[in-house]
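Where a number appears in this text, it was derived from the coordinates with a stated rule and is not lab data. Please read these numbers as outputs of a predicted model, since none were measured by experiment. Counting neighbours? That spans all protein chains shown, and the Cβs are built from the backbone with ideal geometry, glycine included.
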Amino acid sequence: MNDFFNKDFLEKHNQQFQNAIDDEYEALGRKLARQNIKIDDVTAAAQNFSIAVPSWGVGTGGTRFARFPGLAEPRNIMEKLEDCAVINTLTRATPEVSPHFPWDRVDDLAEVRERASGHGLSFASVNSNTFQDQDGQPLSYKFGSLTHADEATRQQAIAHNLDCIEYGKILDAKSLTVWIADGSNYPGQQNFTHALENYLESMHQIYGQLPDDWRLFIEHKMFEPAFYSTVIQDWGTSVLCAMELGDKAFSLVDLGHHAPNVNIEMIVARLIQFNKLAGFHFNDSKYGDDDLDSGSIHPYQQFLVFNELVDAEHRGAAGFDPAYMLDQSHNVTDPIESLMNSAISVQRSYVQALLVDRDALLDCQQNCDPLMASNILKAAFETDVSSILAKARVLSGGAADPLSCYRDAAYRTNIAADRPAVTGSGSGIV
Ligand code: PSV
Ligand code: MN
């Protein structure tokens with residue numbers, strides 16, 4: 001794979017952009033210097049930024065209505081790793097892959113780890129899947145998994161999560177992300193209290209098997225596929241469960257899993273304050289869990305989330321160590337292009353948040369000056385940091401302009417013969 005984007009190819013690509021980047025970077029450097037910000041420090045922080053790519057995200061997604069396969073889709077975890085490696089080679093912002101089981105299950109996971117490492121990749125949080133029935137599975141999850149009324153079904157779901165921990169140990173991952181689809185479609189279908197009691201009992205068993213240096217991430221979601229109620233429906237329930245389970249359990253924020261217009265940045269602040277923020281599944285949404293590309297609809301919201309994160313970093317908030325991951329579905333674009341764009345968009349929000357004048361903001365807050373406080377945030381958000389991002393990529397050995405570089409290499413066309421189309425998708429609707 002990396003033959004497509006070897007050093008020579010990247011250097012040639014970068015040369016075309018070098019003068020423009022230098023020019024813009026110098027001008028921005030002078031502007032930031034007037035604000036007492038050293039541009040090279042910001043660039044170094046951008047170089048250190050990293051966000052995990054979901055293994056399922058490199059496959060073409062779909063909706064309830066249709067799925068339109070793309071050219072040269074990856075057919076298994078090894079090919080998914082090849083695509084993840086392209087994303088990281090060009091952006092230098094995605095050195096980790098978040099795997100999903102059993103979608104990524106193969107007999108020899110040690111070989112998967114070796115292959116990943118050969119690509120310069122390692123593994124982020126392991127995701128379990130008890131929202132689908134697998135071939136030959138004795139008991140169905142149609143009416144729930146970890147919260148099912150039937151004890152044997154709950155035990156089967158617990159056993160899968162324990163397997164995921166074992167897979168993660170081989171891959172050298174350090175956390176398990178649990179999202180369940182359990183809920184109900186009709187009032188009266190499920191006893192809310194019994195379901196949550198079952199959940200806690202199941203999660204206690206999983207938590208008990210977590211290695212000492214692992215964390216457990218609890219992901220909530222307001223609706224879908226259950227359309228009346230969901231057992232872990234919001235951050236309140238997820239953080240209550242995390243508190244009940246113990247210090248290694250945290251609440252994960254997927255940007256698409258909230259009621260419309262919810263103040264997500266405020267949820268982030270609350271979770272940070274009580275040291276319960278697991279991290280993120282970044283994506284964007286207009287109506288519900290749309291799984292659109294990060295920053296494509298609400299870039300200011302994404303910036304405001306990072307404003308809270310950078311504020312916590314700045315304050316040295318206790319235990320602050322959020323895991324950044326993408327979780328998107330690409331139905332009409334090339335997943336590699338969307339994931340590169342999204343990783344850069346999230347990195348952009350981080351860099352913009354670094355530019356917030358935090359002393360001046362505090363001053364406005366203390367002196368009751370809402371307009372100027374808002375303007376301080378807007379000034380950072382409106383700063384075009386593209387040259388910082390490009391410079392960071394080039395310094396780290398990546399591409400000045402990942403999209404045009406990727407298109408110039410005609411990656412998909414060149415590998416199409418090695419990856420004949422498969423019918424159906426291993427990932428379902430994500
Ligand atoms: C559910 O919508 C979710 O956000 C969870 O993270 C799943 O693991 C993922 O999408 C893939 O379906
Ligand atoms: Mn998610």
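Observations
- The antiparallel fraction among DSSP beta bridges confined to the stretch 110-250 stands at about 20%.
- Among beta bridges that DSSP assigns inside the stretch 249-367, antiparallel share in %, nearest 5: 10
- The order of the peptides 121-128, 372-379 by mean Cβ neighbours within 10 Å, most packed first, is 121-128, 372-379.
- Estimated Rh, the chain: Kirkwood, alpha-carbon pairs, angstrom: 22.6
- Among the trypsin sites (Lys or Arg not before Pro) within the stretch 1-60, those in coil by DSSP and having at most 14 neighbouring Cβ atoms inside 10 Å are 38.
- Cα pair count fraction exceeding 21 Å, expressed as % - the stretch 287-385: 42
- Sites listed here are trypsin sites (Lys or Arg not before Pro) in the stretch 217-289 whose DSSP assignment is loop and whose Cβ has at most 13 other Cβ atoms within 10 Å: 286.
- Here residue 169 is the anchor, and the aspartates and glutamates within straight C-alpha reach of less than 17 Å, apart from those fewer than 8 places off in the same chain, are 96, 104, 107, 108, 111, 114, 212, 213.
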